[in-house]
Each structure stands twice: as C-alpha cells, then as structure tokens.
1. Pairs, please: C-beta under 7 Å, at least 6 apart or cross-chain, first residue touching a residue at least 40 places away in the same chain (Cβ under 8 Å) and in segment 187-203, second open to solvent by 60 Å² or more (accessible area, probe 1.4 Å)?
2. Name the residues in segment 72-101 that are exposed (fewer than 12 other Cβ atoms within 10 Å of the Cβ), among the aliphatic types (A, V, I, L, M) and either within 16 Å of Ile34 (Cβ to Cβ) or at pLDDT 90 or above (or both), would you?
3. Name every residue in segment 163-188 that is in a loop (DSSP other than H, G, I, E, B), buried (at least 19 other Cβ atoms within 10 Å of the Cβ) and of a type in the set (A, V, I, L, M, F, W, C), in order of residue number.
4. Which of the residues spanning segment 144-156 are open to solvent by 40 Å² or more (accessible area, probe 1.4 Å) and in a strand (DSSP E or B)?
5. Of the conditions (1) among the acidic types (Asp, Glu); (2) open to solvent by less than 30 Å² (accessible area, probe 1.4 Å); (3) closer than 25 Å to His157 by Cα, Asp69 fails just one. Which one is it?
6. Could you please find all residues in segment 128-141 being loosely packed, with under 15 Cβ neighbours inside 10 Å and within 12 Å of Arg46 (Cβ to Cβ)?
7. Among the residues of segment 165-213, write down those that are hydroxyl-bearing (Ser, Thr, Tyr), over 18 Å from Ala101 (Cβ atoms) and touching a Leu at 6+ places or on another chain (Cβ under 9 Å).
Amino acid sequence: SETLKPGILAYDDFWDEMDFYCLNGFEPPNMPRITGRHFYYLNMTRIERLKSKASNRKSLEPPLYRDLDHWLFLELEHAQLYGYGLIIGKPRRVGLSEWGALNSNYELTFFHLSKIGAAAGKDDKVKEFYEKVKSSLRNTRPEYQNGILKQNEDELHLGYSNTINKVKQDCGLKSLIRVKTMYSDSGAFEGGSYNMVIFEEAGLFENLTMSYT
C-alpha cells in the first residue's frame, strides 16, 4: 500500500515491529503464544508444499500452521533457554528436515557471527540438508535476505564486502553454516565453537555417542 513504501516512517515502523515479533514471539488475543522462530517461519518464508488437497504438484507456498511445529518451536526455545539438546524421533516425510533448515536460516539471519554446524551420517544426506538450507534462505522475504560472502560445497557465509580506507573488508552478519559427514570421522566438529549443531539422520552415524561428545 502507499503507507508502506520504503523510505517513509510507517514502513520502518512496520518492519521494526516485525523484527520484534521475529525475535520475541507473538501472542494473538485469546490464542497461544508462538515463538519468534515460528513467527518468522509462518510470515517470512515460503516452502514447497501442495497448494491444496486436490493438487498433485508442489509449489512455493507460505507454510501452514501445524500443532507439531508449534510444539517443536516451543521445545527448542526451552532447550536454548535452559541449555539442553534435543533428540527427535520421527517417521519419514513429516517435514523435520525443513524445520532444521529453517532454524539454520533463522540463526544465520538474526545473529551476528553465528556459527551453525550440520552433520549427517552419509555424504548425500548432509548435501541434501545443505540444499534445503540454501533453498530456505532464497525463499525468504526480500526484507530478510542477506548477501553471500562465500559459498562452496562445505560452507556458506552471509555478509557483504566493503572497501574501507582502500582495504577490502568483510562486513555485515558474517554468520556461517558448515556441513560435514560423520560416518568416517566422529570428531569432524571437534575444536569448533558452534551456536547450534544439527544431526541429520543421526541413525546413520558410525558412532553417534562420540560424535555428540
């Protein structure tokens, strides 16, 4: 609308409010509170899903509200607040990999210098998850997209380059995700300092206990 064009105060106020909800959560009148991550997921991203029950083809659509997601986001918020990890057993095709990719997206987008680790028991599994993270970043609203400083098959860094006093410097978020395979190397992340590490298909790890340690 005319009142929400870039460069005017109402536009800045609106996105400041969205930032607040993305960071602190949102509680509609007479409805349960959702976390900031859940608000971001529902309002700022799109995912591949069937548009309707009658459709047999997927397209990029806004996520649906699901009780499962509500519980998972609340549990993750508690885990981060009280300092414990999560082990989630699940059947196939319930969207948990996409949930992990969204949380990687959120960490990279909202926290300066954030470091995310993603591991899988087999190379194809970690590459598949990595592609889902990149897809999540691409399918986020333009207002929350960031530049890419570096991208290869193992790492992705958000930010931008700027020349300051004739010296090229990395600026911006400088957050990163690093992906590794844990099948043959249980200590692949040893020595690193990560804000979040996601184990994808952990049942395929050669030594899950050692990998976790």
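The values are calculated or read from the model by the stated rules, or taken from the named source; none is laboratory data. Please read all numbers here as calculations on a predicted model, not as lab measurements. Cβ atoms come from the backbone with ideal geometry, glycine included; neighbour counts cover every protein chain shown. Please note that ligands, DNA and RNA were not included when accessible areas were found on the heavy atoms of the full protein model with its side chains. Shrake-Rupley method; radii C 1.70, N 1.55, O 1.52, S 1.80 Å.
1. Qualifying pairs under 7 Å: Ala188/Lys180; Phe189/Lys180; Phe189/Val197; Asn195/Phe111; Ala202/Leu208.
2. Leu81
3. Leu173, Met182
4. Ile148, Leu149, Lys150, Gln151
5. Only one criterion in (1) among the acidic types (Asp, Glu); (2) open to solvent by less than 30 Å² (accessible area, probe 1.4 Å); (3) closer than 25 Å to His157 by Cα is unmet by Asp69, namely (3).
6. Result: Arg138, Arg141.
7. Within segment 165-213, Tyr183, Ser186 qualify.
This table checks each residue for (1) surrounded by 15 or more Cβ atoms within 10 Å (Cβ to Cβ); (2) part of a strand (DSSP E or B); (3) of a type outside the set (S, T, N, Q).
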residue	(1), (2), (3)
Ser161	no, yes, no
Glu190	no, no, yes
Ile198	yes, yes, yes
Thr209	no, no, no
